[in-house]
Structures are given as structure tokens and as C-alpha cells.
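Rule-based calculations on the coordinates, nothing more; no lab input. These numbers were taken from a predicted model, which means no experiment stands behind them. Note that each Cβ is placed from the backbone with ideal geometry, even for glycine, and that neighbours are counted across all protein chains shown.
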Amino acid sequence: MSLRLQAHMGTLRQLEILLAVYDCGTVGGAAQNLHLTQPTISMQLKKLADVIGLPLYNVIGRKLVFTEAGLEVVKTATEVLDSFAKLESSLSDLGELKSGTLRLAVVTTSKYFIPHLLGPFCERYPNVGVQLNIGNRQQIIERLKQGVDDFYVFSHPPADLNTESIEFFNNPLVAIAHENHPFVKQKSVSLEELSQAPFLMREDGSGTRLAIERFMEKKGVNLNIKMTIESNEAIKHSVMSGLGVSILSAHTLAFGGNMGLAQLQVESLPINSNWYFLWLKSKRQTAIAQAFLQHVESDGRRMLVTELSRHSF
Ligand code: PGA
């Protein structure tokens, strides 16, 4: 790397700060995570933007929106810091220490079971830190494109990116209603009947929504969407309060509580899909990432089956 180019990339600390701001979405959040003041963060980012000669992000409303140049720097910063993390991880492995950070970005629906995988892993490697980012499918695809994290979890992975994956576990999507809803007494509810009830749907960009839309399109059914809601939990509470019916991953109910809700026996349901752990082919995996993948493929699956049988809906 030429000296001129090095100067253009900024210092390692500046790259770390940039990634923290990208991860948190705010200067304040990054300041808190890094134990720095907000003016220090802003000054370091300004210095970085100055050497690069282009703005890294814009503030729109109260949101930080990264520019194309900013996203390019985030990508390179990730690669540079990854190499250092890998070095740190290998060195600590040599000292049998296993320390460092595992970075995961997962879709909202998987947040119900991911902690059950992390618990035993963190117990085994107490010095390993974990950074868990949660978003809907579209948001996690954006992160995947940046290659910031070690692993991504989807049930509808994007097909057009250069990734590798393991299929982890099934993810049935089931229909739910308030426990006093007339559908609950029916032995079987037809798709036609379901389509007439007010339906509570996840937002655009959600994998759950995508699965429901693909399924209903195949069946030639038009749902009567009454509300679009950006969260599984808010959908559950809306169904509990009688606002309508919905279709959600059974895991949001098994692990996330289901008081006042009932699963409906709807024709052709559940919609079947699977959970996948994904990573970019181009991403070099740290020793910690490798240890986590091994854990997921061996003990993780078994533990989850046990956990699920304890909580089943
Ligand atoms: P969602 O994702 O949380 O965006 O609905 C679930 C999925 O990818 O199927």
C-alpha cells in the first residue's frame, strides 16, 4: 500500500470509529460503545472525510445516511479490521485464550432462537464478546453486501450474492388469531375464509411478508390487509387485542410468549421454510467465527430442538 493511499484510508482508530457509527446508526451510540465523547467521534470522522476528500455520510432528519464513498470506506475498513481481528484471534488461540468479537446480523424473526445458541457458546468462551445486529430481511441484506459481520441469519436468503450457507432448522409460518375468534373453533379454515378476515401484515422488506406474498400469489388468494406492522411482537399484541388475524413464524410464538393467542388450522398451512446461516465467500473467517459455526452445526442444533420441545406452542 503506497504512503499516499495509506493517508487516504485514515488511521485504524478512525476506521474503528467509522464502523461503530455505521453499526449504531448514531454518533451518540458509537460514543457510548467506544467510551468516547461525541465531539471526539465527530472530529475523527471529519478528519477521515478530509483525507478521503468526500463526505462519508449525510444527516437527513435525525438519521445518518451513508454516502456511496462512506459505504466503500466501511467495506474496506471491515476488511482491514477483520485481518487484525484474525491476527488477534490466531494469537490468542496460540495462547489458548479465545478472545475477540463474534459479529452476527440476523433477521428479526430469528432473534427468538439466536440467544439460545449464544448462551452455551458464551459460556464455553467467556472472553469472547458478541455483537448482535437485528433488522428485517432487507436491512440484513444491506449489511451482508457490506460484509461487516461474520454470519447472517435468514430464512429467505438472497440468491444473487456470493455466499456460502448451512441450512439450520425448519421455520414454519402459522396462522394465528385471538383465542376467542370464531375461526379457532373451526376444524379447518379455508384460505378463502382467511382472506376475508382483517389481516395484520409485516412491512415491506420483511422475509415473513415475502413468504406470505409468494404463497398467497401461488394460491391465487388476495389477503384483506388491514394494518402493516413493523414488528412480530406488535403483530402478536394486535392479534391479542382482536385487531385481526396474521401469519407469523411459529418460533415467535414458541419462544416469545403466546398468551391469548391460538394457532388456526388453515388449509395448506403452515408455509414451510428453513433457517440458514450465511457468510460471504470472500470473507476470511476468524478462529472465533469457525468455533461458532462448529457450535451451531453440532451442539447448537441439538440444544435448540430440546429448547423448542419445552416451549412448543
Ligand atoms: P423478517 O425475516 O424478520 O424480515 O420477516 C424473516 C425471514 O427472513 O424469513
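Calculate, axis by axis, the spread of Cα positions in the range 128-171 along the three principal axes, and write the results as whole Å, longest axis first.
Here the Cα extents, ordered largest to smallest, are 28, 23, 19 Å.
Using 0.36 nm per residue of separation minus the Cα-Cα distance, give me the extension gain between Q285 and E193 in nm, one decimal.
Taking 0.36 nm per residue and subtracting the Cα distance, the gain is 28.2 nm.
Report the antiparallel proportion of the DSSP beta bridges in the chain as a percent, rounded to a multiple of 5.
Just about 55 percent of them are antiparallel.
Place a point 7 Å from the Cα of T306 along the Cα-to-Cβ direction; which residues of the range 104-141 have their backbone N under 19 Å from it?
In the range 104-141, the label zone of T306 (backbone N under 19 Å from the point 7 Å along Cα→Cβ) covers 113-126.
Could you compute the FRET efficiency for I134 and V221, with r as their C-beta to C-beta distance and R0 at 25 Å, rounded to 0.05?
0.25
Once Rh for the range 173-263 is found with the Kirkwood sum over Cα pairs, what is the Stokes-Einstein diffusion coefficient at 37 °C and 0.692 mPa s, in µm²/s?
Answer from the Stokes-Einstein relation: 251 µm²/s.
Testing the spin-label approximation: label points 7 Å from Cα along Cα→Cβ at A69 and S42. State their distance in nm.
Taking the two extended label points, one gets 2.0 nm.
What is the dipole size for the range 186-302, taken about its Cα centre, with +1 at each Lys and Arg Cβ and -1 at each Asp and Glu Cβ, in debye to the nearest 20?
Around 400 debye, computed over the range 186-302.
Roughly how many nanometres apart are two label points built 7 Å out from the Cα toward the Cβ at H35 and S231?
Spacing of the two 7 Å Cα→Cβ label points: 3.1 nm.
If each residue of separation counts as 0.36 nm, what is the full-extension length gain between N274 and N162 once their alpha-carbon separation is subtracted?
Residue separation times 0.36 nm, minus the Cα-Cα distance, leaves 38.4 nm.
Evaluate E = 1/(1 + (r/R0)^6) for Q265 and S298, where r is the Cβ-Cβ distance and R0 equals 41 Å; express this FRET efficiency to the nearest 0.05.
Once rounded, the FRET efficiency stands at 0.70.
Starting from the Cα of R214, step 7 Å along the direction of its Cβ; do the same at R13; then give the gap between the two resulting points in nm.
Here the modelled spin labels are 4.8 nm apart.
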